[in-house]
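Trainee: What follows is a structure written as structure tokens; I'll ask about it next.
The values are calculated or read from the model by the stated rules, or taken from the named source; none is laboratory data. Everything quoted here is computed from the prediction, not taken from an experiment. When we count neighbours, we look across all protein chains shown, and the Cβ atoms used for this are built from the backbone with ideal geometry, even at glycine.
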Amino acid sequence: MKPVSKRRKGPRDPLLWFGAVFMVFLVFLAMFGPTVREKQLSSISKHQPYTSVYDDIADPFQSRSATFPFGTDSQGRDNLARIAAGARISLTVGLIVEIIALVVGVTVGVLGVFAPRWIASAVMRLTDAMFAFPDILLAILIIGIIQTSKAQIPGGKLAPVIAALGVTSWPSIARLVRAQVATLKDREFVVAAKATGASTFYNVTRHILPQLAGILLAIAMIDIAGTILAESTLSFLGIGVQAPEPSWGSMINNARENMNSYPAQLIAPCLFLSLTCFALNFVGDGLRSYFDPKSTSR
Amino acid sequence: MLNSASVRLAKPILLRLTFGVLSLFFISLVTFFAAALTPGDAATAIAGDKATPETVARIRHEMGLDRPWPIRYVKFVVDAGHGDFGKSYFGTREDVGSVVRRTLPLTVKTATLAIIIASFVGILLGTLAAVYQHRVADRSVLVFSTLGVTIPNFVLAPLLVYVFSMRLGWLPLIWTTDMTASEFYYLVLPVLLLASRPMALITRLTRAMMIDTFQQEFIRTATAKGVPRGRLIFRHALRNAILPVITTIGTSFGFLLTGSFVIERYFVMPGLGSTTIEAIQKGDMPVIQAGILITGAMFIMLNLLVDILLPILDPRIRESQI
């Protein structure tokens, strides 16, 4: 008889692994892409020192070649370097917004269960009101406020987008956490811990929240895909990440303006944006059915 | 006359109405404070660049802009209810109400056409996939609906424009004011693009609900009694499976109105969405307020309508809510 392995098997879903490999590739591209392109191209650049993301390197609208795998854009800049820098922007925004969403969402969700009744219901009504409202509309309004007031938000060029998406990101997590915590708090192991004198804080942080880590990780992946899409949408509309910063959304918008003559310009940013969203959704769905086999994809 | 049935109907509807009013209150408060948080108001816009602070203060007093914010908020809501959003800060200082009247019909028309197409095609494809579960038809419908949910509009748009406008030359590239063909040709691509995502969502949900319904006993009974297949699918199964789909149609329609921001911008259509985005780039707060408030209010009202419609359509929901 074969010995039964004690170790839990890892997820088998091939789509999950495809997604994970693509995301690792994207992270490396984002981290090292622009610098590597600088090293490769600085010998043929008329700009010294050469920054691959902002400086022109050749004639505009070069098509694919060995030197420029994605060609050059309307200002003669290297498309590959800008795609890599766009990945950097998308991942940064996605990650920071998701951290905000998790911190606020988990706090609000736990408060919704354990806080005094009037605080809990006030907080959850606010969550419901925000959840019932299209995120992108609220984000557009927040960007509108920031742009109209020309306020200098600390934190650089990405700050307005991160602020707008951060404010709208947490309600779905708060609702999930609240529902889960409400059922978990009456489970035997929590009640037992309470009986032995564990405080509510200890119970929540040591017993309840660790139970949720897996499913929150899965949801976070899907939410990051949504955030990256929202950031691209805002940048596409011209109110997100501002030029000369290269967001995939604004690259698609630029390429669209020259679509009549150079349709191939659209391929790279569209492909990278779609693949990233696919990959994150695959990873999220795969992780969710791994951590929570009962649930099916939504 | 109040009988028990109407009381049972009234309670959930009242609850939903309260929640809808609260949501409207929330969105109006947010848009009101959007203007309060930003420098510059109607008074500075009227006074012009060269005005002294005293002139601005006088105009502000005449317009009641120096009164406490609760009073200004009530005035803002009452005016908005009458379709009065003030005047644009820029250009000819057009009345924002007339901007809305000029741009809103196109947005609503596009969204309505899109949701009608999405509902019909989505329910049909979803039913088809459920009937032929696990076969080629089902698989391909699933793949396409997954793509439809994940691919963003502004990635799909250039693809369709490239194929249908540039290669085949069947449809115009963008919206123009001097239309050479009938408006229908100009609307095809925007409507299809807007419809793609709700169509995918409706397809997936219809498929899931139909598969669920097919396993229930009344379907087996009906099959045993010899009910014809078409009648079984559309009269027996679909009528039971359709209610969650109606909810999705309602929420999708709301999201379509906001999705029009992207599509209108892509095709340079003179709708409310593209107007709002332009206003953000200029910093034209009254137009931004009107755009957000109207789109948001329509979204809330539509969801409210669906929520109220459901317990009327389905007695099971009525029972469960008491």
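Trainee: Among B:L232, B:L187, B:L193, which is in contact (Cβ under 8 Å) with a residue 40 or more places away in the chain and surrounded by fewer than 22 Cβ atoms within 10 Å (Cβ to Cβ)?
Mentor: Selected residue: B:L187, the only one of B:L232, B:L187, B:L193 that is in contact (Cβ under 8 Å) with a residue 40 or more places away in the chain and surrounded by fewer than 22 Cβ atoms within 10 Å (Cβ to Cβ).
Trainee: If you go through segment A:239-271 one residue at a time, how many are more than 9 Å from chain B (Cβ to nearest Cβ), in a helix (DSSP H, G or I) and surrounded by fewer than 22 Cβ atoms within 10 Å (Cβ to Cβ)? Let's see the steps before the verdict.
Mentor: To start, the set of residues in segment A:239-271 that are more than 9 Å from chain B (Cβ to nearest Cβ) comprises A:240-248, A:250-251, A:254, A:257-258, A:261-262, A:264-265, A:267-268.
Next, only the ones that are in a helix (DSSP H, G or I) stay: A:248, A:250-251, A:254, A:257, A:264-265, A:267-268.
Then drop every residue that is not surrounded by fewer than 22 Cβ atoms within 10 Å (Cβ to Cβ), which leaves A:254, A:257, A:264, A:267.
The total comes to 4.
Trainee: Next question. Working only within segment B:242-269, note down all residues that are within 18 Å of A:P134 (Cα to Cα), within 12 Å of chain A (Cβ to nearest Cβ) and hydrophobic (A, V, I, L, M, F, W, C).
Mentor: Listed by number, the residues that qualify are B:F253, B:F255, B:L256, B:L257, B:F261, B:V262, B:I263.
Trainee: Let me ask something else. Which residues, taken from segment A:86-110, are crowded, with 24+ Cβ neighbours inside 10 Å and under 12 Å from A:A30 (Cβ atoms)?
Mentor: Correct list: A:G86, A:A87, A:I89, A:S90, A:V93, A:G94.
Trainee: Within segment A:224-238, take every residue that is more than 7 Å from every other protein chain (Cβ to nearest Cβ) and of a type in the set (V, I, T) and give me the one that is nearest to the chain's Cα centre (by Cα).
Mentor: Filtering segment A:224-238 for residues that are more than 7 Å from every other protein chain (Cβ to nearest Cβ) and of a type in the set (V, I, T), the one nearest to the chain's Cα centre (by Cα) comes out as A:I224.
Trainee: Sticking with this one: Starting from segment A:133-161, keep only residues that are over 19 Å from B:V262 (Cα atoms) and part of a loop (DSSP other than H, G, I, E, B), then list their pairs with residues that are of a type in the set (S, T, Y) and at pLDDT 75 or above whose Cβ atoms are within a distance under 7 Å, requiring at least 6 positions of separation or different chains.
Mentor: From residues that are over 19 Å from B:V262 (Cα atoms) and part of a loop (DSSP other than H, G, I, E, B), the pairs are A:L158/A:T92.
Trainee: Can I ask one more? Taking B:R265 as meeting all but one of (1) touching a residue at least 12 places away in the same chain (Cβ under 8 Å); (2) farther than 18 Å from B:F120 by Cα; (3) surrounded by fewer than 18 Cβ atoms within 10 Å (Cβ to Cβ); (4) not β-branched (V, I, T), write down the number of the exception.
Mentor: B:R265 satisfies all of (1) touching a residue at least 12 places away in the same chain (Cβ under 8 Å); (2) farther than 18 Å from B:F120 by Cα; (3) surrounded by fewer than 18 Cβ atoms within 10 Å (Cβ to Cβ); (4) not β-branched (V, I, T) except (3).
Trainee: Among the residues of segment A:178-201, which ones are part of a loop (DSSP other than H, G, I, E, B), without any contact (Cβ under 8 Å) to a residue 40 or more places away in the chain and of a type outside the set (G, A, S)? It would help to see each step written out before you state the result.
Mentor: If we filter segment A:178-201 for residues that are part of a loop (DSSP other than H, G, I, E, B), which is where we start, we get A:185-187, A:196-199.
Among the residues that remain, those that are also without any contact (Cβ under 8 Å) to a residue 40 or more places away in the chain are: A:186-187, A:196-199.
Correct list: A:D186, A:R187, A:T196.
Trainee: Checking B:A57 against (1) in a loop (DSSP other than H, G, I, E, B); (2) modelled with pLDDT of 65 or more, which single condition isn't satisfied?
Mentor: Here B:A57 clears every test but (1).
Trainee: Could you check segment B:235-262 and list, in sequence order, the residues that are of a type in the set (S, T, Y) and touching a residue at least 60 places away in the same chain (Cβ under 8 Å)?
Mentor: B:T247, B:S252, B:S260
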